[in-house]
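See structure below.
Read-outs throughout are calculated quantities, based only on the coordinates presented, and are distinct from any laboratory measurement. These numbers come from a predicted model, not from an experiment. All Cβ positions, even for glycine, are placed from backbone atoms using ideal geometry, and neighbour counts span all protein chains on display.
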Amino acid sequence: MNVRQQMRRLLQQKDYLVSFGIHNPMQAMIVEKAGFDFVYMGGYDTSLALLGFPDVGLITETEMVTAAKNIAKAVHIPVVADADTGYGNAINVIRTVEDYEAAGLAGMHIEDQVTPKRCGHLAGKVLIPMEEAVGKIRAALDARKDKDFLIIGRTDAVAAVGGSLSEAIKRGKEYARAGADMVWSEFTSPDVEEPKRFAKEMHRDFPGLPLFFNYSGNFKWYDAPLKFSDLGKMGYKVINVSLGALRASMKAVWDYAVDLKKREEQAEIDFEKSFIGHPMEKVNEFSGFPRIREMEARYLPSDEVRRRYEESIGLLE
């Protein structure tokens, strides 16, 4: 079973799937080892981590595909990736689908903003005409070689110029009618009624259609908690905590940097102690160094391997 078939089966078997945004292979490996069912590669995550840019359409298709390919190769679970607007019109979308599918992904989503776009939770969003957006979905579906490759239609209509929840529902239905495997509407607040109404209206015309929910850290859910299980009951089959790894790493690296600057070697000593017994303590083992040694023993001349490890100093695990 390939990763696309895995993703399809997971959607059938589970009430809902949960993951969080990542932007590099190491984080994807952690997601897999922590027991999640799939990996989500975010656009804002990758743009900021790779280029130092906000999510305003500055990252290119080529840069996203390269990042996605490296992530997909690092894990054995499905990877779904942000494809922004498809990086142009419907013709550009065709190439994007071909490249994302060839990169080994299980699926991708396309949004209905103008190019260049911006993060769904930033101000300044402008939509393309619905007819053009539907054409992009149709082009994406025609371009894929594997019918199990997920095409997710996303609308930012709730908070774009002239937008509304009603417009999001209208567009979501048209994307489903065009054949999108899953539909995603961005919401702009922790108001439970918006996703509830969207799901209800979508399923009125498309019973059982899987929906995607972006559980954004921007919403400050501690003010209005919404359980994943509640979203699953509404029909949101995929729940992604956006910018999850990015925010966690930003906070951790900042805290480490401030502590090291202030306390110098003692900060590093305390940090090393905090790693003892942690699942990530054995960095070299996690990175796959033991497997490299196994391959060396299998394929390299035995004398070379012996000399390499008997006459050098360094960690073996």
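Determine, at each q value in 0.10 (inverse angstroms), the log₁₀ of I(q)/I(0) that the Debye formula gives when each Cα of region 3-242 is one equal point scatterer. One equal scatterer on each Cα of region 3-242 leads to -0.40. For region 166-296, the convex hull drawn through the C-alpha positions has a volume of 196 cubic angstrom per residue. For the chain, adding -39500 (n - 2.57) for each run of n ≥ 4 DSSP H residues and dividing by the number of residues yields -15500 deg cm²/dmol at 222 nm.
Magnitude of the Cβ-charge dipole of the chain, K/R +1 and D/E -1, about the Cα centre, nearest 20 debye?
The calculated dipole for the chain is roughly 840 debye.
Counted by neighbouring Cβ atoms within 10 Å, the residues T115, T62 run from fewest to most as T62, T115. Among M29, M250, M182, the largest mean-square fluctuation in a Gaussian network model of the chain (Cα springs under 10 Å) belongs to M250.
For q = 0.14, 0.17, 0.20 Å⁻¹, what log10 I(q)/I(0) does region 1-131 give under the Debye formula with an equal point scatterer on each alpha carbon and no solvent? Log-scaled intensity ratios, in q order: -0.61, -0.89, -1.17. With the convex hull of its Cα atoms as the shape, region 92-195 has an orientation-averaged projected area of 6.6 nm².
Membrane-span-like helices in the chain (whole DSSP H runs, Cα extent of at least 24 Å along the helix axis, mean Kyte-Doolittle hydropathy of at least -1.0): 244-263.
When the Gaussian network model of the chain links Cα atoms closer than 10 Å, the mean-square fluctuations of V192, V79, V114 top out at V192. Backbone amide hydrogens, once placed in the peptide plane, bring I239 within less than 5 Å of L17, V18, S19, F213, excluding anything fewer than 5 places away on its chain. Among E101, E167, E264, the residue with the largest mean-square fluctuation in a Gaussian network model of the chain, with springs joining Cα atoms closer than 10 Å, is E264. Distant-in-sequence amide contacts of L150, defined by a placed amide H-H separation under 5 Å and a gap of 5 or more residues or a different chain, comprise G107, M108.
Where in the chain is the longest stretch that carries no trypsin sites (Lys or Arg not before Pro) classed as loop by DSSP and with at most 16 other Cβ atoms within 10 Å? Within the chain, the longest run free of exposed trypsin sites (Lys or Arg not before Pro) spans 15-144.
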